[in-house]
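Data first, discussion second: the structure below is written as structure tokens.
The values are calculated or read from the model by the stated rules, or taken from the named source; none is laboratory data. This structure is a prediction, so every number in the text was calculated from the model and none was measured. Every residue, glycine as well, gets a Cβ built from its backbone with ideal geometry; the counts of neighbours run over all protein chains shown.
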Amino acid sequence: TQTLKIEPTFADAFYKRGLARLDLNKVEEAIQDFKKAADLFQEQGRTENYQEAMEAIKKL
């Protein structure tokens, strides 16, 4: 979360925070983080990471 305050376009941090929130059973918050990560990955042309984030959402 601190990293995202400093660098709000750091897609990897959103993705990893989504995983952490999922471990804490905070599903809705995890989905929000995965969606944000997917959007940023797509903007950054990181197709493989985008697909990974979208798959994480589909599994929920």
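A quick yes/no check of all residues on (1) within 12 Å of the chain's Cα centre (by Cα); (2) surrounded by 13 or more Cβ atoms within 10 Å (Cβ to Cβ); (3) in contact (Cβ under 8 Å) with a residue 12 or more places away in the chain:
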position	(1), (2), (3)
K5	no, no, no
D12	yes, yes, yes
Y15	yes, yes, yes
K26	no, yes, no
D33	yes, yes, yes
Q42	yes, yes, no
T47	no, no, no
A53	yes, yes, yes
I57	yes, yes, yes
What are the residues in the stretch 1-50 that are out of contact with any helix residue (DSSP H, G or I) (no Cβ under 9 Å at 6 or more places or on another chain) and of a type in the set (A, V, I, L, M, F, W, C), if any?
I6
Among the residues of the chain, count how many are β-branched (V, I, T) and at pLDDT 95 or above.
4
